[in-house]
1. Cut-off 10 angstrom, C-alpha nodes, Gaussian network model of the chain. Which of V31, V45, V60 fluctuates the most?
2. Report, to the nearest 10°, how far helix 69-78 tilts away from the longest principal axis of the Cα atoms in the chain, using its own Cα long axis and a range of 0 to 90°.
3. Please work out the average accessible area per residue across the chain, using the 1.4 Å probe convention, and give it in Å².
4. Taking a quarter of the surface of the convex hull around the Cα atoms of region 1-40, what do you get in nm²?
5. Just for the chain, what percent of DSSP beta bridges are antiparallel, to the closest 5?
6. Counting pairs of alpha carbon atoms under 8 Å apart in space and at least six apart in sequence, what relative contact order in percent does the chain give?
7. Along the Cα→Cβ direction, 7 angstrom out, place labels at S145 and E208. What is the inter-label distance in nm?
8. Where does each of 262-268, 127-133 land if you order them by average Cβ count within 10 Å, highest first?
Amino acid sequence: MKLVFAGTPEVAVPALDALIASGRHEVAAVVTRPDAPAGRGRHLVASPVAQRAEEAGIEVLKPAKPRDEDFLARLREIAPDCCPVVAYGALLPRVALDVPAHGWVNLHFSLLPAWRGAAPVQHAVLAGDEVTGASTFQIEEGLDSGPVYGVITEDVRPTDTSGDLLTRLAFAGAGLLAATMDGIEDGSLKAVPQPTDGITQAPKIQVEDAHVDWKAPALRVDRLVRACTPAPGAWTLFRGERLKLIQAHPVPDRTDLAAGELAAGKNNVFVGTGSYAVELLWVQPQGKKPMRAADWARGVRIAAGERVGV
């Protein structure tokens with residue numbers, strides 16, 4: 001088939017690579033979000049998908065909105081058979097959905113209908129799911145509600161951050177998307193409607209959602225830190241300034257600390273929760289680089305009974 005691939009961040013690059021390498025389909029063009037400011041100089045930088053497409057000599061389309069007439073006209077000129085999508089980042093209007101003969105097929109990082117929305121991996125980690133996965137489905141105007149072509153499963157490891165899990169799903173899902181294109185092309189795959197039960201929502205996790213509640217159980221704190229790593233980053237307050245929590249783990253045998261109470265040793269920093277303590281391993285003070293929590297604690301000289309979160 002002739003394909004137009006839509007995607008933007010680094011997580012979409014493995015799928016683009018898989019389609020380029022398949023040898024069975026032609027990636028005629030790539031649709032991605034417009035260049036965005038990045039780095040200290042805030043210079044405009046092309047998306048990872050745009051950069052990869054340019055390296056491969058593939059035409060890149062960067063509409064401000066996918067309903068722009070110039071974009072739609074070019075899409076009709078290309079006349080793709082199908083448009084595979086991975087984390088494109090913009091809602092597709094009906095006028096765009098109707099262009100390819102086989103529609104737009106999205107690779108979504110959950111086992112639909114679970115975790116529909118922008119942050120499925122983060123919500124799977126936050127909920128303590130033991131198994132998640134990826135699904136390919138036909139995009140329709142509802143939010144991640146279209147019929148499903150195929151799925152893969154992936155275990156959620158006890159120490160997984162969202163970044164760890166998403167990286168594995170990006171590569172496993174790339175194979176699923178390529179296989180889905182093959183199945184659509186040869187007629188062996190038919191999309192199946194999603195079940196009406198088991199629907200859960202996964203809205204984007206905002207910075208305020210990542211604020212740690214130390215009265216919550218240690219497992220909840222651990223899941224929040226892992227779910228919000230690398231972004232937006234779980235955080236708490238220490239002496240009136242934000243302290244980002246990059247890595248922590250529960251310590252079930254440490255139960256002597258009140259919620260939010262700090263205890264710092266030579267090589268360890270513990271914080272009390274609503275159940276037992278968590279050990280802070282890596283933190284990032286406001287305006288500074290990430291550092292080992294023990295180094296941070298030595299620098300700030302934590303007083304007996306001092307707390308975070310106040």
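The values are calculated or read from the model by the stated rules, or taken from the named source; none is laboratory data. As the structure is a computational prediction, the values presented were derived from the model and not from experiment. Virtual Cβ from ideal backbone geometry, glycine too; neighbours counted across all protein chains shown. Just so you know, the surface numbers come from the protein's heavy atoms only, side chains and all, with ligands and any DNA or RNA stripped out. Shrake-Rupley method; radii C 1.70, N 1.55, O 1.52, S 1.80 Å.
1. Top of the fluctuation ranking is V45.
2. Helix 69-78 and the main axis of the chain meet at about 60 degrees.
3. Result: 48 Å² of accessible area for each residue.
4. That works out to 3.2 nm², a quarter of the Cα hull's surface.
5. Bridges in the chain that DSSP calls antiparallel: roughly 70 percent.
6. Dividing the mean separation by the residue count of the chain yields 13 percent.
7. Going from the S145 label point to the E208 one covers 2.7 nm.
8. The most tightly packed comes first, giving 127-133, 262-268.
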